Amino acid sequence: MSLEVLATGPLSTIQDLGRPGLADIGVGPSGAADSGAFRLANRLLGNAEGAAAVEVTLGGLAVRATRDLTAAVTGAPCPITVDGRIAAANSVLRIPAGAELRMGVPGRGLRSYLAVRGGIAVPPVLGSCATDVLAGLGPDPLVPGAVLPVGPAPERFPLVDLAPVATYPADEVVLHVEPGPRHDWFADGALTTLVSRPYEVTADSNRIGMRLDGPALERRRTEELPSEGMVAGALQVPPSARPTLFLADHPVTGGYPVIAVVTAADVDKAAQARPGQRVRFRFRAGRNVR
């Protein structure tokens with residue numbers, strides 16, 4: 001059994017939970033940009049949480065089932081139809097053989113996930129089925145006409161048919177941060193500037209990172225910084241003095257100083273911020289930094 005890809009929208013890729021632990025050979029973790037939404041899709045279907053699924057950026061995916069399938073769509077809430085009938089996000093969906101599932105443009109958020117019971121059964125690369133757009137590892141981004149094999153259904157059955165999910169913010173996304181390893185390379189008050197005024201997500205953003213426009217973060221030290229390890233959530237500041245927030249396909253190392261790091265709990269929220277949306281950074285309660 002399989003899914004035939006009819007349309008892909010701006011970008012649709014196969015993702016799982018990535019390739020952690022390979023940074024020493026220059027391979028980044030990759031994986032679903034919003035891992036919470038990805039895991040939920042699999043849990044709704046009784047799959048293992050890491051079963052491969054499709055990450056859809058700004059909607060537009062259309063697929064046809066070659067056999068009866070069970071699916072779920074989570075993440076950025078988008079219009080969904082199955083065989084022309086409206087279907088609900090964050091629920092268990094039945095797709096009869098020959099029927100088409102179509103995903104429209106989400107009104108809020110950026111990335112949606114389509115999981116099928118049994119998972120997408122593509123060959124792993126370095127232990128993962130994730131598409132890494134920076135390194136070029138894993139399956140190619142989906143194109144119309146591609147056929148996605150579906151693995152055997154797990155023995156356990158879904159326990160619920162609908163999951164309650166909080167509404168995505170339409171205007172401003174609040175992300176909590178901790179001071180980064182090189183915050184002392186910045187001028188006095190730079191950290192205060194970072195958390196005092198909002199930034200805007202620019203169109204020059206992708207799975208690698210999110211370029212932000214807003215208040216300048218001036219440096220105290222201007223010498224070159226040797227490349228050092230990077231993590232998802234790092235706020236690296238290039239010569240433009242505006243931060244770039246690294247996401248799932250971030251480089252393993254970087255040579256610009258990191259002023260702060262978005263907490264792991266908020267990296268998923270960052271992955272759902274769309275171009276033109278405002279992002280505001282906050283320190284966790286109880287922390288005071290000048």
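The values are calculated or read from the model by the stated rules, or taken from the named source; none is laboratory data. This structure is a prediction, so every number in the text was calculated from the model and none was measured. We place every Cβ from the backbone using ideal geometry, glycine too, and count neighbours over all the protein chains shown. For the accessible areas, the whole protein counts, side chains as well, though only heavy atoms, and no ligand, DNA or RNA atoms are used. Shrake-Rupley method; radii C 1.70, N 1.55, O 1.52, S 1.80 Å.
Filter the strands (runs of 3 or more DSSP E) completely within the stretch 128-240 down to those with at least 3 residues that are hydrophobic (A, V, I, L, M, F, W, C).
172-179
I'm trying to understand the selection: among the residues of the stretch 191-212, which are farther than 21 Å from residue 231 by Cα and either open to solvent by 70 Å² or more (accessible area, probe 1.4 Å) or over 23 Å from the mean Cα position of the chain (by Cα) (or both)?
Within the stretch 191-212, 192, 193, 196, 197, 200, 203 meet the criteria.
If you check residue 85 against the conditions, is it touching a residue at least 12 places away in the same chain (Cβ under 8 Å), open to solvent by 10 Å² or more (accessible area, probe 1.4 Å), over 24 Å from residue 205 (Cβ atoms) and among the basic types (Lys, Arg)?
no
Looking at (1) under 15 Å from the mean Cα position of the chain (by Cα); (2) within 14 Å of residue 195 (Cα to Cα); (3) of a type in the set (Gly, Ala, Ser), which is the one condition that is false for residue 265?
(2) is the only condition that residue 265 fails.
Taking the options 265, 248, name whichever one is open to solvent by 10 Å² or more (accessible area, probe 1.4 Å), at pLDDT below 95 and among the small types (Gly, Ala, Ser).
Every option except 265 fails the conditions.
Restricting the search to the stretch 38-51, which residues are within 16 Å of the chain's Cα centre (by Cα), aliphatic (A, V, I, L, M) and open to solvent by less than 10 Å² (accessible area, probe 1.4 Å)?
The one that is within 16 Å of the chain's Cα centre (by Cα), aliphatic (A, V, I, L, M) and open to solvent by less than 10 Å² (accessible area, probe 1.4 Å): 41.
Residues checked against (1) touching a residue at least 12 places away in the same chain (Cβ under 8 Å); (2) over 30 Å from residue 265 (Cβ atoms); (3) in contact with a Pro (Cβ under 7 Å, 6 or more places away or on another chain):
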{"position": "36", "(1), (2), (3)": "yes, no, no"}
{"position": "47", "(1), (2), (3)": "yes, no, yes"}
{"position": "51", "(1), (2), (3)": "yes, no, no"}
{"position": "57", "(1), (2), (3)": "yes, no, yes"}
{"position": "64", "(1), (2), (3)": "yes, yes, no"}
{"position": "92", "(1), (2), (3)": "yes, no, yes"}
{"position": "119", "(1), (2), (3)": "yes, no, no"}
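Could you look through the stretch 220-240, keep only residues that are among the small types (Gly, Ala, Ser) and open to solvent by 10 Å² or more (accessible area, probe 1.4 Å), and pick out the one that is nearest to the chain's Cα centre (by Cα)?
232
Can you work out which of the residues in the stretch 138-163 that are open to solvent by less than 40 Å² (accessible area, probe 1.4 Å) and of a type in the set (A, V, I, L, M) is nearest to residue 249 (Cα to Cα)?
142
Residue check: is residue 166 open to solvent by 80 Å² or more (accessible area, probe 1.4 Å), under 22 Å from the mean Cα position of the chain (by Cα), at pLDDT below 95 and not polar (S, T, N, Q)?
Yes.
When only residues in the stretch 252-262 that are surrounded by 18 or more Cβ atoms within 10 Å (Cβ to Cβ) and not aliphatic (A, V, I, L, M) count, which is nearest to residue 189 (Cα to Cα)?
The residue in question is 257.
In the stretch 89-116, what residues are part of a loop (DSSP other than H, G, I, E, B), closer than 26 Å to residue 168 by Cα and open to solvent by less than 50 Å² (accessible area, probe 1.4 Å)?
89, 90, 92, 104, 106, 109, 110
For the stretch 59-70, what are the residues that are surrounded by fewer than 20 Cβ atoms within 10 Å (Cβ to Cβ) and either closer than 23 Å to residue 138 by Cα or of a type in the set (Lys, Arg) (or both)?
Listed by number, the residues that qualify are 60, 62, 64, 67.
Of all residues in the stretch 1-30, which are in a loop (DSSP other than H, G, I, E, B), under 19 Å from the mean Cα position of the chain (by Cα) and surrounded by 15 or more Cβ atoms within 10 Å (Cβ to Cβ)?
9, 16, 17, 18, 19, 27, 28, 29, 30 - these are the residues of the stretch 1-30 that are in a loop (DSSP other than H, G, I, E, B), under 19 Å from the mean Cα position of the chain (by Cα) and surrounded by 15 or more Cβ atoms within 10 Å (Cβ to Cβ).
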